[in-house]
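One structure below.
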Amino acid sequence: MHHAPPSDHSHLLGSLSRYRRQWPAEAEVVDLFEALLDDPEAPFERARLAGHFTASSWLVDRSGTRTLLTHHRKLGRWLQLGGHADGDMDLARVALREATEESGLEGLVGEAKIFDLDRHWIPERGAVPGHWHYDVRYVVRAEAGEEFVVSEESLDLAWREVAQVLEDPEADPSLRRMAEKWVARSARQ
């Protein structure tokens, strides 16, 4: 697999800059992501234990009213699908690849624009110490069908009404934030 040279972060930097303009209240979060991007020590590799980039998808059905969530095997919570960049600097591609691998859905279509950013702590697990995930989220649409296949990374998968996620006090706060952004965006269209 071909990867861009380590110095070429201009695409992601531009995307972060556009995100900052769209969501000025999240400027401090964007600063953290830009600082990681500036780090010469392989921010796209999971071996960078201080923290590294991950990518995930806000995976919606064709109608845009439901989102596909995974009951995450390692974290034991309902979350969006995603995973490690593992050296790939095209995080939109990573999000699409992870969504495809974890859902078994064919014909997924990903957007290039950053939908959400979330830096979250991953607790120590086995030999891997606790570390930060700098998760860049993208909208991915299920255009060709909704019959998913549960992979070994998930305990289960489920389509949930976006409105339900938004109202669920037990839902992950970043999931609720994405649901809020999605509802606002859908209302504008």
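The values are calculated or read from the model by the stated rules, or taken from the named source; none is laboratory data. What you see is a predicted model; the values in this text were computed from it and never measured. A quick note on method: Cβ atoms are made from the backbone with ideal geometry, for glycine too, and the neighbour counts reach across all protein chains shown. For accessibility, only protein heavy atoms count, side chains too; no ligands or nucleic acids. Shrake-Rupley method; radii C 1.70, N 1.55, O 1.52, S 1.80 Å.
Report the residue count in segment 11-50 for those that are in a helix (DSSP H, G or I) and open to solvent by 80 Å² or more (accessible area, probe 1.4 Å).
Kept after step one, since they are in a helix (DSSP H, G or I), are these residues of segment 11-50: 11-22, 24-38.
When the remaining residues are screened for being open to solvent by 80 Å² or more (accessible area, probe 1.4 Å), the result is 11, 18, 21, 24-25, 28, 38.
So the count comes out to 7.
Would you check if there is a residue in segment 96-103 being of a type in the set (Lys, Arg) and either within 22 Å of VAL29 (Cα to Cα) or touching a residue at least 60 places away in the same chain (Cβ under 8 Å) (or both)? Outline the logic, then answer.
Our first condition is that a residue be of a type in the set (Lys, Arg); within segment 96-103, this holds for 97.
Filter again for either within 22 Å of VAL29 (Cα to Cα) or touching a residue at least 60 places away in the same chain (Cβ under 8 Å) (or both), leaving none.
No.
Across segment 178-189, what is the number of residues that are within 23 Å of THR100 (Cα to Cα) and open to solvent by 50 Å² or more (accessible area, probe 1.4 Å)?
Qualifying residue count for the region: 0.
Would you kindly identify the strands (runs of 3 or more DSSP E) lying entirely within segment 96-177 that contain at least 3 residues that are in contact with a Phe, Trp or Tyr (Cβ under 9 Å, 6 or more places away or on another chain) and open to solvent by 70 Å² or more (accessible area, probe 1.4 Å)? Explain how you work it out, then say what you get.
Values: elements: 108-122, 131-142, 154-161.
Result: 108-122.
Failed condition for LEU96, given (1) under 18 Å from TRP132 (Cα atoms); (2) under 11 Å from the mean Cα position of the chain (by Cα), with all others met?
Checking LEU96 against (1) under 18 Å from TRP132 (Cα atoms); (2) under 11 Å from the mean Cα position of the chain (by Cα), the one that fails is (1).
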